[in-house]
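Notes follow once the structure below has been shown.
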Amino acid sequence: MRVLVVEDEERLADAIAHGLRLHAIAVDVAYDGQDALDMAGYVGYDVVVLDRDLPEVHGDDVCRRLRESGAGSRVLMLTAAGQIRDKIDGLTLGADDYLVKPFAFAELVARIRALARRSARAAAPALERAGITLDPDRRTVSRDGRRVLLNRKEFDVLHELLNAGGELVTSGELRRTVWDEYADASTGALRVTMTSLRRKLGVPPAIQNVPGKGYRL
């Protein structure tokens, strides 16, 4: 899952992003509406957490333009404007959910995850290839009937590879969808995750490394 937090109060935006990363959610941050639109045009975010009162481009306009662009991102408006009329206006603009500040962080995480499930691409209840079965709803994985326990990053990497249907997935694509802009490629996060994933999936090897390009099942 990848989330964009759009909030002009930098300390609040950074605190939200930090908290979400502690829940293994990949997060990018934009401090104004124009940056949010630019980033959303490049990255297919699952959820956009959007403040309404933004500089450059107002949050209402960001929401409207995201909908007009056909982006599949779900929008959660996070704002101090908590009157019923404000909520109706936000939902009418195209927001999928509305959370008033101040808020309980656990509720924010739960709402983001619920929206991400709704934004997921249409797919079969389970993805299967090379004897591997992945259930995206239950977040379970098995191989040849044997349960495979994966952490969140391993699960998300495997999900991307299965969705590709045997086609090559570049390392850059995996970093963009599973990690976020703060992930340092020099740390070898993808390489470490892939090594662990291969080990857990067992033999025969299910993931092929195409040097300098990426991976495929």
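Multiplying the sequence separation of Leu22 and Arg139 by 0.36 nm and subtracting their Cα-Cα distance, what value in nm do you get?
40.3 nm
Can you grab the distance from the C-alpha centre of region 154-168 to the C-alpha centre of region 78-113, Å, no decimals?
32 Å
Averaging over every viewing direction, what projected area does the convex hull of the Cα atoms of region 51-122 cover, in nm²?
5.1 nm²
Rg and Dmax of the chain, using alpha carbons, in Å: what are they?
So, for the chain, Rg and Dmax equal 18.5, 59 Å respectively.
Along the charge dipole of the chain, pointing to its positive end and built from +1/-1 on Cβ of Lys, Arg, Asp and Glu, which listed residue (Gly33, Gly145, Ala80) has its Cα farthest out?
Final value for the positive-end residue is Gly145.
Grab the DSSP H runs of the chain that are 4 residues or longer, score each as -39,500 (n - 2.57), total them, divide by all residues and round the 222 nm result to the nearest 500 deg cm²/dmol. Show your work: numbers first, answer last.
Numbers: 8 runs with 92 residues, N = 217.
Counting only the DSSP helices, I get -13000 deg cm²/dmol.
Of the DSSP beta bridges with both residues in the chain, give the percent that are antiparallel, rounding to the nearest 5. Don't jump to the answer; show the numbers that get you there.
On the way: 15 of 32 bridges.
Once the DSSP bridges in the chain are tallied, antiparallel ones form about 45 percent.
Under the rule of at least 5 residues apart or a separate chain, name every residue whose amide H is placed under 5 Å from the amide H of Val49.
Amide H neighbours of Val49: Leu4, Val5, Val6, Leu76.
Within the chain, what's the longest stretch lacking GluC sites (Glu not before Pro) that sit in DSSP loops with no more than 15 other Cβ atoms inside 10 Å?
Answer from the scan: 57-166.
Suppose every K and R has +1 on its Cβ and every D and E has -1 on its Cβ; what is the size of the dipole of the chain about the Cα centre, in Debye to the nearest 20?
1520 debye
How much area per residue is accessible in region 1-136 when the probe is 1.4 Å and only protein heavy atoms are counted (Å²)?
About 48 Å² of surface per residue is accessible.
Leaving out ligands, DNA and RNA, and with a 1.4 Å probe, what % of the accessible surface on the chain is carbon or sulfur?
For the chain, the apolar C and S fraction of the accessible surface comes to 50 percent.
Compare the peptides 18-26, 207-215 by average per-residue count of other Cβ atoms within 10 angstrom and give them in order, highest first.
Details: 18-26: 16.3, 207-215: 13.3.
Descending packing order for the listed peptides: 18-26, 207-215.
Cut-off under 27 Å on the C-alpha distance; same-chain residues fewer than 8 positions from Lys87 excluded. Which lysines are left, in chain and number order?
Lys87 reaches Lys101.
When only C-alpha pairs under 8 Å and at least 6 residues apart count, what is the relative contact order of the chain, in percent? Don't skip to the answer; put the middle values down first.
Details: 330 pairs, mean separation 35.3, N = 217.
About 16 percent, as a whole number.
Leaving out same-chain residues fewer than 8 places away, which lysines sit with a Cα under 22 Å from that of Lys200?
Once the sequence-local lysines are set aside, what remains near Lys200 is Lys153.
Tell me the label-point distance for the pair Arg11, Gln34, using the 7 Å Cα-to-Cβ offset, in nm and rounded to one decimal.
Going by the 7 Å Cα→Cβ label model, 2.7 nm.
The values are calculated or read from the model by the stated rules, or taken from the named source; none is laboratory data. Note that the coordinates shown come from a computational prediction; the quantities given were computed from them, not determined experimentally. Because the Cβ atoms are built from the backbone with ideal geometry, glycine has one as well, and the counts that use them run over all protein chains shown. Ligands, DNA and RNA are excluded from the accessible area calculation, which covers all protein heavy atoms including side chains. Shrake-Rupley method; radii C 1.70, N 1.55, O 1.52, S 1.80 Å.
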